[in-house]
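The block underneath contains the structure these notes are about, expressed in structure tokens.
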Amino acid sequence: MAGNPFPQSREQLLQAYRTMRTIREFEDRLHVDFGRGDIPGFVHLYAGEEAAATGVMMHLGDGDRIASTHRGHGHCIAKGVDVMAMMKEIYGKQGGACNGKGGSMHIADLDKGMMGANGIVGAGAPLACGAALAAKFRGKSEVAVSFVGDGASNQGTFLESLNLAAVWNLPVVFVVENNGYAETTSRDYGVAVDSYVDRAAGFGLPGVTVDGTDFFAVHESAGEIIHRARTGGGPALLECKMVRFFGHFEGDAQTYRGPGELDDIRANQDCLKKFSAALISGGVSTEEELKAMDREIAALIERSVAEAKAAPLPTLADLTTDVYVAY
């Protein structure tokens with residue numbers, strides 16, 4: 001096998017592929033199972049956006065905090081939350097990441113720095129500011145990352161958080177996952193500026209826009225911004241232009257998309273296809289090696305579904321647990 005032409009090590013690149021493939025397999029399976037009526041509640045799938053979560057999270061440790069969104073499965077997996085516990089949580093079972101009481105939109109794992117997915121649009125940005133403020137007062141070199149979509153970028157909580165982070169010089173990074181649609185409204189219609197970097201500049205924050213389907217572009221820019229925040233440089237914004245393969249929610253007919261749009265993005269803007277092709281052409285891996293990893297991941301997801309279906313439901317007594325914290 002030829003040498004590695006990329007700045008990341010071979011081990012890092014293969015781990016990135018494993019993470020991205022795990023997210024894709026997880027989401028594709030939920031798409032099927034939800035369609036069969038197996039999963040309670042709502043799900044919003046992250047398929048197509050894997051490069052963003054993976055490229056950002058590779059620079060974070062368990063001590064770093066993230067605030068996720070209603071489309072949070074990819075963030076969870078990339079941050080290291082256990083896949084088995086996630087699947088049980090989505091199925092509403094005991095042994096889930098939140099003991100089956102949070103479901104798809106409220107998965108959290110504080111031990112991994114995952115403060116939670118969030119069903120309230122834009123609500124994660126103030127939480128990330130709080131985590132960043134705590135890190136600053138403790139004198140830790142930890143950072144907080146807030147993920148928002150195009151719709152959340154228009155929420156007052158997000159804009160106020162940009163201002164607060166700038167005023168207090170917080171070690172927080174705002175990642176805007178621009179997949180082109182705020183639910184069903186085109187970003188071009190609903191956002192007055194051409195780039196989210198303009199939003200950052202309005203509050204005195206630096207920002208950068210990258211191709212969110214390009215793992216290498218996300219990884220490089222996220223690394224620079226996160227290092228800057230970690231070393232006292234203050235907050236910044238990273239806009240990832242990306243695509244989602246499924247609708248805003250499962251069951252969304254996507255009548256707002258143009259003819260052939262979905263076919264085009266799957267054929268030409270699939271971050272996983274781009275990344276695997278780069279690893280093979282760059283001599284980092286072979287197609288056979290990646291396919292073997294694919295089979296391992298598919299087996300993991302199959303086991304997680306089987307365990308989730310077999311796990312018991314929460315009991316009535318569980319209703320009042322995890323409600324209050326005793327200090």
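With all distinct Cα pairs included, what does the Kirkwood hydrodynamic radius of the chain come out to in Å, to one decimal, could you say?
Final number for the Kirkwood radius of the chain is 20.1 Å.
Which of TRP168, TYR91, PHE6 sits closest to the plus end of the dipole of the chain, meaning its Cα is farthest towards the positive end, when Lys and Arg get +1 and Asp and Glu get -1 on the C-beta?
Positive-end residue among those listed: TRP168.
Over region 201-262, average the accessible area per residue using a 1.4 Å probe and give it in Å², no decimals.
Ligands and nucleic acids excluded, the result is 40 Å² per residue.
Near LYS88, which aspartates and glutamates are there with a Cα under 19 Å away, not counting those fewer than 8 places off in the same chain?
Within the straight-line cut-off, LYS88 pairs with GLU25, GLU27, ASP28, ASP33, ASP38, ASP109, ASP111, GLU250, GLU302, GLU307, ASP318, ASP322.
Dividing the Cα radius of gyration by the Kirkwood radius, what Rg/Rh value follows for region 1-113?
1.01
Quick check: Cα centre of region 157-179 to Cα centre of region 1-51, how many Å?
Centre-to-centre distance over Cα atoms comes out at 27 Å.
Computed FRET efficiency, Cβ-Cβ of SER186 and ALA267, R0 30 Å: what is it to the nearest 0.05?
Efficiency, from the Cβ-Cβ distance: 0.90.
Which residues does a label at ILE120 reach in region 58-89, if reach means a backbone N under 19 Å from a point 7 Å past the Cα toward the Cβ?
Within reach of a label on ILE120, which here means backbone N under 19 Å from a point 7 Å along Cα→Cβ, region 58-89 contributes 66-72.
Filter the DSSP H helices in the chain by two things, a Kyte-Doolittle mean of at least -1.0 and an axial alpha-carbon span of 24 angstrom or more, and list the hits by number.
Taking the DSSP H segments of the chain (at least 24 Å long, mean hydropathy at least -1.0), we get 10-35, 287-310.
Express the carbon and sulfur contribution to the solvent-accessible surface of the chain as a percent, rounded to the nearest whole number, probe 1.4 angstrom.
Carbon and sulfur atoms account for 54 percent of the accessible area of the chain.
How large is the charge dipole for region 189-327, taken about the Cα centre, if only the Cβ atoms of Lys, Arg (+1) and Asp, Glu (-1) carry charge, to the nearest 20 debye?
The calculation lands at about 260 debye.
Treating only the Cβ atoms of Lys and Arg (+1) and Asp and Glu (-1) as charged, compute the dipole magnitude of region 26-78 about its Cα centre; round to the nearest 20 debye.
My answer is approximately 120 debye.
Which value, in Å², gives the accessible area per residue of region 60-100 when a 1.4 Å probe is used on the protein heavy atoms?
23
Charges on Cβ only, +1 for Lys and Arg, -1 for Asp and Glu, centred on the Cα centroid of region 219-327; of GLY223, VAL305, ALA236, which one is farthest towards the dipole's positive end?
Farthest towards the positive end: ALA236.
For the chain, give the magnitude of the charge dipole about the Cα centre (Cβ charges: +1 Lys/Arg, -1 Asp/Glu; no others), in debye to the nearest 20.
640
Heavy-atom accessible area of LYS273 with all protein chains present, probe 1.4 Å, nearest 10 Å²?
Accessible surface of LYS273 is approximately 110 Å².
Spin-label point model (7 Å from Cα, Cβ direction): what's the LEU316 to LEU300 distance in nm?
Roughly 3.9 nm, to one decimal.
Given the options ALA16, ALA78, ALA192, state which has the largest fluctuation in a GNM of the chain using a 10 Å cut-off (strictly under) for Cα springs.
Top of the fluctuation ranking is ALA192.
When the chain is modelled as a GNM with alpha-carbon springs shorter than 10 Å, which of ALA123, ALA108, ALA277 fluctuates the most?
In this elastic network of the chain, the residue with the biggest mean-square fluctuation among ALA123, ALA108, ALA277 is ALA277.
The values are calculated or read from the model by the stated rules, or taken from the named source; none is laboratory data. Being a predicted model, the structure only gives us computed values, none of them experimental. Virtual Cβ from ideal backbone geometry, glycine too; neighbours counted across all protein chains shown. Just the protein is used for accessible areas: all its heavy atoms, side chains included, with ligands, DNA and RNA removed. Shrake-Rupley method; radii C 1.70, N 1.55, O 1.52, S 1.80 Å.
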